[in-house]
Amino acid sequence: MGALGNHILVEFMGCIPEIMNDVSVIEEAMVNAADIAGATVINSTFHHFSPYGVSGVVVIQESHLAIHTWPEYGYAAVDLFTCGEMDAWISFDHLKTVFGAQNYSAIEMKRGSLNLLNRVDFDMASIREEAKSHINPEKFTRNVWFTDKDDNQALSLRHTGEVYFDKSSDIQRVKVIDTYAYGKTLTIDNMFMCTETDEAHYHEMISHPVMSTHQNVKNVLVIGGGDGGTIREIFKYKSVEAITMVEIDNNVVEASKEHLPHLAKEFGNPKLDLRIEDGIAFVNNAADKTYDLVIVDGSDPVGPAKGLFSTEFYSNTKRILKDDGILVTQGESPLFNRPTFIELNTTLKEIFGKEKVNTLLFHIPTYPSGTWSFQIARKNDTDITQAKEEFLNSNVDTKALKYYNPAVHNAAFALPNYIREFLNEL
Ligand code: SPD
């Protein structure tokens, strides 16, 4: 007696870790594995999880192929469930090759043994008639998802599976993917950095509140910011004479120049001194009282950006600011990265003084939780919480901006009670 289906449970071991962490390569390999074995692909759904791992399913008319990967172990658990004539061992061979598996084991089992099943009679004729009206989709639907997550929360964006840029170095992995809802998107180490659609929220809010408060910024230091979005905003002010941008990873600059031209438009500005080197070392060695404004436009506190959250780094930024200088730094999320958010605020208050540090909140849908912050520290007593409308009107066309305006400026410094409470500001 036969069975309805055949199920091969596969352990692929010693696989190439980079491939095990690459949702686009895995999706393509799984769809091709189905295809070359003669299956009809109906749909594919794949998720990448930050920092590691991919899960996905290819639904085929003949059942499904599924995968879960653990890149840190070079391991993939694969299910090849088929019925009919399809030979799933062809899919197996294809995946073994693409994944570079050094080792494998497989258990093959029959599913739906006809020894155990009783066939139920039903009206086949009418079902056949109805079936004629169903046609298989001309092109199967792909669902490839990028997920930025911690242990308890995640944000996923569906993308086309197309990867425009993908370079890894000792520093980090930089990618540009194409998301359906937010356009081209820069990711670093599998975390969202900027999307075409909402990058302006971030870059306008890191720039205009501090630029308009200071009112005469001439010399600027940007640490990080290799995508170019921040300098694009800062160069809107006529007073700016020089920007030194210290970006640790040239791949970020390259990715942006090649694929995100709306961000990269000021890289050719002759007032820009772009240095590809470590921002922390640069700040350590910079001369006292040099800058009107220091902007720390870094990524999250893992990998190379970790040192951008330390006491030593911020003591040095204070030292290199002029007496009326201002520091603005990427402050993480009060909802997603609360310990880092609090620690950074506390560190800055210790260094600059409690009254000279302000938290600015803004909305950005593509960062986990959607609520993000900048911490702003001043050396003098200028009030940053009220927009300087007159100055803004005569310097920037705020109506042409996407997110920032004077009312948004004022509102951004209003903190909800729960945040004031954990920042000890109630
Ligand atoms: N979790 C995302 C934090 C990213 C901060 N940096 C973004 C760089 C934009 N220039």
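The values are calculated or read from the model by the stated rules, or taken from the named source; none is laboratory data. Small disclaimer: the values here were computed from a predicted structure and weren't measured. Ideal geometry is used to build each Cβ from the backbone, glycine not excepted, and the neighbour counts take in all protein chains shown. Each accessible area value is taken on the protein alone, full model and side chains, heavy atoms only, with ligands, DNA and RNA left out. Shrake-Rupley method; radii C 1.70, N 1.55, O 1.52, S 1.80 Å.
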What are the principal axis extents of the Cα atoms in segment 298-426, in Å, biggest first? 38, 36, 33
At 1.4 Å probe size, put TYR73, TYR237 in order of accessible surface, largest to smallest. TYR73, TYR237
More than 14 angstrom apart: percent of Cα pairs within segment 218-298: 58
What's the Cα-based Rg to Rh of segment 200-355, Rh via Kirkwood? 0.94
Taking one equal scatterer on every alpha-carbon of segment 280-349, how large is log10 of I(q)/I(0) by Debye at q = 0.13, 0.20, 0.21 1/Å? -0.36, -0.81, -0.89
What figure, in Å² to the nearest 10, do you get for the accessible area of SER24 with a 1.4 Å probe and non-protein molecules left out? 10
On the formula 1/(1 + (r/R0)^6), with r taken between the Cβ atoms of ALA77 and ASP383 and R0 of 51 Å, the FRET efficiency rounded to 0.05 is 0.30
Once the Cα atoms of segment 25-88 are picked out, what are the Rg and Dmax in Å? 11.9, 39
Ignoring any ligand, DNA or RNA, what whole percent of the accessible area of the chain comes from carbon and sulfur when the probe is 1.4 angstrom? 50
Relative to the compact globular guide of 2.2 N^0.38 Å, what is the alpha carbon radius of gyration of segment 356-409, as a ratio? 1.31
Over the Cα atoms of the chain, how large are the radius of gyration and the largest Cα-Cα distance (Dmax), in Å? 26.7, 88
Tell me the accessible surface of LYS238 in square angstrom (1.4 angstrom probe, heavy atoms of protein chains only), to the nearest ten. 150
Once the in-chain neighbours fewer than 8 apart are removed, the lysines whose Cα is under 25 Å from LYS110 read LYS96
Listed residues ASN118, ASN410, ASN269, most fluctuating in the chain (Gaussian network, C-alpha, under 10 Å): ASN118
ARG420-ASP178 FRET efficiency (beta carbon distance; Förster radius 45 Å; 0.05 resolution): 0.70
Return the FRET efficiency for the residue pair LEU4, SER105: r is the Cβ-Cβ distance, R0 is 25 Å, and the value is rounded to the nearest 0.05. 0.55
Could you bin all the Cα-Cα distances of segment 1-134 into 10 Å bins starting at 0 and give me the percent of pairs in each, rounded to whole numbers? 12, 38, 29, 14, 7, 0
Just to confirm my numbers, what's the Cα centroid distance between segment 348-426 and segment 270-307 in Å? 21
Going 7 Å from the Cα of ILE36 along its beta-carbon direction, which residues of segment 77-104 have the amide nitrogen within less than 14 Å of the resulting point? 87-101
For segment 171-225, the convex hull over Cα atoms projects on average to an area in nm² of 4.7
What are the equivalent ellipsoid semi-axes of segment 309-384, built from the alpha-carbon gyration tensor (square roots of five times its eigenvalues), in whole angstrom, biggest first? 23, 13, 10
What lysines sit close enough to LYS402 to cross-link, taking a C-alpha to C-alpha distance under 26 Å and skipping anything fewer than 8 places away on the same chain? LYS175, LYS184, LYS218, LYS236, LYS238, LYS257, LYS265, LYS271, LYS388
Can you give the accessible area per residue of segment 10-132, in Å², using a 1.4 Å probe? 54
So if each residue of separation counts as 0.36 nm, and I subtract the Cα-Cα distance between THR97 and HIS68, what length gain in nm does that give? 8.7 nm
Overall dimensions of segment 162-283 by Cα: Rg and Dmax, Å: 14.3, 44
Taking the alpha-carbon centre of each part, the distance from segment 1-52 to segment 248-269 in Å is 35
Starting from the exponent 0.38 and prefactor 2.2 Å, build the expected Rg for segment 68-121 from its residue count and divide its actual Cα Rg by it. 1.52
